[in-house]
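None of the figures in this text is laboratory data; all of them are computed from the coordinates on show. Keep in mind it's a predicted model, so treat the numbers as computed, not measured. FYI the Cβ positions are ideal-geometry reconstructions off the backbone, even for glycines, and counts take in every protein chain you see.
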Amino acid sequence: MTSRLAFGATVAAAVFLATGALAQTYEVTKLVPGSAFHGVHGLGIDKAGRLFAGSVAGAALYEVDRANGTAKIAVASPEGMADDIAFAPDGTMAWTAFLTGDLYSRKGDGPVKKLASGLPGINSLAFRKDGRLYATQVFLGDALYEIDVEGAKPPRKIMEKMGGLNGFEFGPDDKLYGPLWFKGQVARVDVDKAELTVVADGFKIPAAVNFDSKGNLWVVDTALVGAGRSEVRRQENGGAAQALARQPRNR
């Protein structure tokens, strides 16, 4: 038994020494520099042209210097968790903390203010021209709310079970436009009357919409989630959705 233990110890020592020798021959090469972010979910540009990027996984909100390609934390964790970012007419920045269910705002370099809480999955948000704020729960809920910009009143639920009203914004007609993630449609919502109308369909997994300066509605379709493929479509004045660009599937 003693000889077997001695033999085993000798083999283990030999393996250890060999492994140590091999380890000394390794060389680590950085192929791609690490990002300052830990996943970017929302983007926003203020009146001064500053770009802000929000991260849920990183639980922080960043200010990005586009000229130098650098970034710094504008709002640290935990208040900085941001799925989406929006700016009010007076320049106030608001953002949604998806996992904690909180909605925050900050005017200029002032203090962070919590406007709402207890809304798990709070996701997209947008200001109207009059400064009123609206937000939706997606994935961990499915409802549209008006948020008190002073944070004094509880959120007012406008409607629910829309089908995942994600990345939306208000159009020139003061109606809210956004994709219904789970229905493959794009809808228009009259937030004053709580009326939803489908304006486009035929999408696979629409994630967000935006208007350009000409009033065209652009739709991002995350078709085949997980396969690294996406598509951008344009909706022209009530016409059929036209595919404009596609990101090919990862290989």
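So who's got an amide H within less than 5 Å of the one on Phe211, skipping anything under 5 residues away but keeping other chains? H placed 1.01 Å off N, in plane.
Amide H neighbours of Phe211: Trp218.
What does the net charge come to around Glu79 if you take all other residues with beta carbon closer than 12 Å to its beta carbon, with K and R at +1 and D and E at -1?
+2
Let me know the shape class of the stretch 36-146, please: from the alpha-carbon gyration tensor, a ≥ b ≥ c as square roots of the eigenvalues, rounded when a/c is under 1.5, otherwise prolate if a/b is greater than b/c, or oblate.
oblate
In whole percent, what relative contact order does the stretch 140-222 give with Cα contacts below 8 Å and a gap of six or more residues?
This gives 21 percent for the stretch 140-222.
How much net charge surrounds Asp148 when only other residues with a Cβ under 12 Å from its Cβ are counted (Lys, Arg +1; Asp, Glu -1)?
+3
In the stretch 89-176, what GluC sites (Glu not before Pro) fall in a loop by DSSP, with at most 15 other Cβ atoms inside 10 Å?
Loop-located and lightly packed - Glu150.
Over the stretch 36-146, what relative contact order in percent results from Cα pairs under 8 Å that are six or more residues apart?
It rounds to 17 percent for the stretch 36-146.
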